[in-house]
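Shown next, in structure tokens, is the structure this report addresses.
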Amino acid sequence: MRLQIYRAQENDWIEGCKRQNRDAQRAIYEFYSGKMYSLCCRYIKDKMEAEDVLVVSFTKIFSRIDQFKGEGSFEGWLRRIIVNEALTYLRKNKSMYLETDIEVADREPNFESLENQLEVEDLLKMIEALPTGYRVVFNLYAIDGFSHQEIADRLGISESTSKSQLSRARGLLQKRLLEMEEDVIQKIN
């Protein structure tokens, strides 16, 4: 019942936006902006830049709302626009493919010792600290579920570059998890 009421309200907002009704636009922005801002922050480290991308994205959303045909979820449609806008911003404003040397991890992290120490926020901070190219590919592949071919197409890179960036991101995250594990062990001893 609750979902039906929400869907009806969402449909009213969408129809209002198609008529350029400011109240409907405000309602959609207020309802989705928090979640979509978090999405922007996964791709763009600087909070002010992420906010700029969010605003530009919503401007595009409201100008293209007629393109939403009601097939699939409205939130999914919003997410695609916002991810594309974040990627466009990164291509225009940042060097995405900064390389960093990663020492080969000689062992796997002991996740059991980290289990009580590692919070979701810690993992998100570790992902946020990745170099831009690694972070973008990791987010697209591991979190948003894009294939390497889709990533390559969206970023204008080869599929092998996407795989390489993901591999390096995982290696760097693994290295940081090992460092975190060593810190936990030192605190215990």
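Just to be sure, is K125 more than 19 Å from the chain's Cα centre (by Cα) and without any contact (Cβ under 8 Å) to a residue 40 or more places away in the chain? For K125, the condition - more than 19 Å from the chain's Cα centre (by Cα) and without any contact (Cβ under 8 Å) to a residue 40 or more places away in the chain - is not met.
If you go through the range 61-77 and pick out every residue that is over 17 Å from R154 (Cβ atoms) and assigned to a helix (DSSP H, G or I), you end up with 8.
Suppose we filter the range 37-60 for residues that are in contact (Cβ under 8 Å) with a residue 40 or more places away in the chain, assigned to a helix (DSSP H, G or I) and within 14 Å of N84 (Cα to Cα); how many remain?
Quick first cut of the range 37-60, residues in contact (Cβ under 8 Å) with a residue 40 or more places away in the chain only: 39-45, 49.
Keeping just the survivors that are assigned to a helix (DSSP H, G or I) gives 39-43, 49.
Those still in the list that are within 14 Å of N84 (Cα to Cα) too: 39-43.
So the count comes out to 5.
Of all residues in the range 132-160, how many are in a helix (DSSP H, G or I) and either closer than 23 Å to L39 by Cα or among the aliphatic types (A, V, I, L, M) (or both)? Here the count works out to 20. Within the group E30, E10, which residue is more than 26 Å from Y134 (Cβ to Cβ) and either free of Cβ contacts under 8 Å to residues at least 12 places away in the same chain or of a type in the set (S, T, Y) (or both)? Answer to the selection: E30.
Throughout, read-outs are computed from the coordinates displayed, never taken from laboratory work. Every value quoted in this text rests on a predicted model; they were computed, and no experiment measured them. Please note: Cβ atoms are built from the backbone with ideal geometry, for glycine as well, and neighbour counts cover all protein chains shown.
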